[in-house]
1. Exactly one condition in (1) open to solvent by 50 Å² or more (accessible area, probe 1.4 Å); (2) modelled with pLDDT under 90; (3) under 19 Å from the mean Cα position of the chain (by Cα) is not met by L127; state its number.
2. Cβ-Cβ under 8 Å, sequence separation 6+ or interchain: first residue in the range 117-128 and charged (D, E, K, R), partner not in a strand (DSSP E or B). Which pairs?
3. Mind counting the residues in the range 249-282 that are more than 17 Å from the chain's Cα centre (by Cα) and either open to solvent by 70 Å² or more (accessible area, probe 1.4 Å) or under 17 Å from F80 (Cβ atoms) (or both)?
4. For the range 259-283, enumerate the residues that are aliphatic (A, V, I, L, M) and in contact (Cβ under 8 Å) with a residue 24 or more places away in the chain.
5. Which numbered condition trips up N285, out of (1) assigned to a strand (DSSP E or B); (2) surrounded by 13 or more Cβ atoms within 10 Å (Cβ to Cβ)?
6. Would the range 102-118 turn up any residue that is crowded, with 19+ Cβ neighbours inside 10 Å, among the polar types (S, T, N, Q), at pLDDT 80 or above and part of a strand (DSSP E or B)?
7. So, of the residues in the range 212-226 that are free of Cβ contacts under 8 Å to residues at least 60 places away in the same chain and among the aliphatic types (A, V, I, L, M), which turns out to be most open to solvent (accessible area, probe 1.4 Å)?
8. Of the residues that sit in the range 82-101 and are open to solvent by 30 Å² or more (accessible area, probe 1.4 Å) and of a type in the set (S, T, N, Q), which one is farthest from V46 (Cα to Cα)?
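The values are calculated or read from the model by the stated rules, or taken from the named source; none is laboratory data. Predicted, not measured: the structure shown is a model, and the values here were computed from it. Cβ coordinates were reconstructed from backbone atoms using ideal geometry, including for glycine residues, and neighbour counts include every protein chain displayed. Surface areas here come from the heavy atoms of the whole protein model, side chains and all, with no ligands, DNA or RNA. Shrake-Rupley method; radii C 1.70, N 1.55, O 1.52, S 1.80 Å.
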Amino acid sequence: MKKMIKLLLLLPIISSCFKEKKVTYPAQVQTSTYTSLASTIGKEYVLDSAVIYFENQSNGAKIYYNHFDTFQKKSVLDPFYGAVIPFDSLLQGMTKWKFLPNYKFQLNDSLVYNFEQINKVFRVYGLENGSARPIEFLHALENTLVVKVFESYVTIKNVDYRFYSVLHFKEKGNPLKSQVYANEFGTIYNGTLLLPTTIQSNDLTGTRWVIYKYVKNLSTITCSDTLNFKTKTYYTYNNNAVRNYNLQYISGTGMFSLNLYDCYTLGGSYSGQLLSTFIKDGQINALTMKNLYNSDKVIVWLKKI
């Protein structure tokens, strides 16, 4: 499903770039024999550079941005919802990938997931939110790796765009910069991608949610209690009692912390962490919430109405 969002910072840049006439031609790529993907197994790669492409689905026009520059060393694969999971965070010179022989993918020395290979695509699966990330190999040279990741769609001002990133890695310990992969012909360069800030402006104001099930003390209870979020600080319970709440973005995680105070259904004040896409998804399944004042926990199901 295509994403429908209002973009505060990136939108003016994307809209204005099509007015430019400058065309960036493909860079020269050093001639080299394409190596087998098997040669990447066991090697540790460090992220050296990255670009993100946007393609207008109506007229085919393309623009691209750098993820990094002299001052910006941190970025994300999804500029609209941020880094939902650790895989989506990009740190120049620090993000590390390693494909292990036993079909395991290692991220940043500590996180390990499964992967499968289909031709030139590696699919990393078993990620934190149950999703997967396809990785398309573009070039696998002696000491460098160039891949295409996170292809998705977004609608801005009733215009559909396809976007994806191309990441340039170099093998750990290699002092040379990664091999530059040619930019797509006819694309317009538009500078460095602004760090995403729209995810931090999300709030529940004007939305209504129903708690329809929860598990507490090993008992499953079905219910139908409505939370009507009137402002950024309070909600009404079943259109009557006024209660306070707090929704705060956890910087660099792609997660929100939600505190519901004096929630009658749950029997107290509880806190839980949500993926940044939960408002768009309109569904919260099996959310573990902890009591703010004791060790009690509940598992909650909600849906937006």
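1. Unmet for L127, out of (1) open to solvent by 50 Å² or more (accessible area, probe 1.4 Å); (2) modelled with pLDDT under 90; (3) under 19 Å from the mean Cα position of the chain (by Cα): (1).
2. Final answer for the pair search is K120/L37; E128/I85; E128/P86.
3. Within the range 249-282, residues that are more than 17 Å from the chain's Cα centre (by Cα) and either open to solvent by 70 Å² or more (accessible area, probe 1.4 Å) or under 17 Å from F80 (Cβ atoms) (or both) number 3.
4. Within the range 259-283, L260, L266, L275, I279 qualify.
5. Just one mismatch for N285, condition (2).
6. There is no residue in the range 102-118 that is crowded, with 19+ Cβ neighbours inside 10 Å, among the polar types (S, T, N, Q), at pLDDT 80 or above and part of a strand (DSSP E or B).
7. Looking at the filtered set, the residue picked out is L218.
8. Checked the range 82-101; the qualifying residue farthest from V46 (Cα to Cα) is S89.
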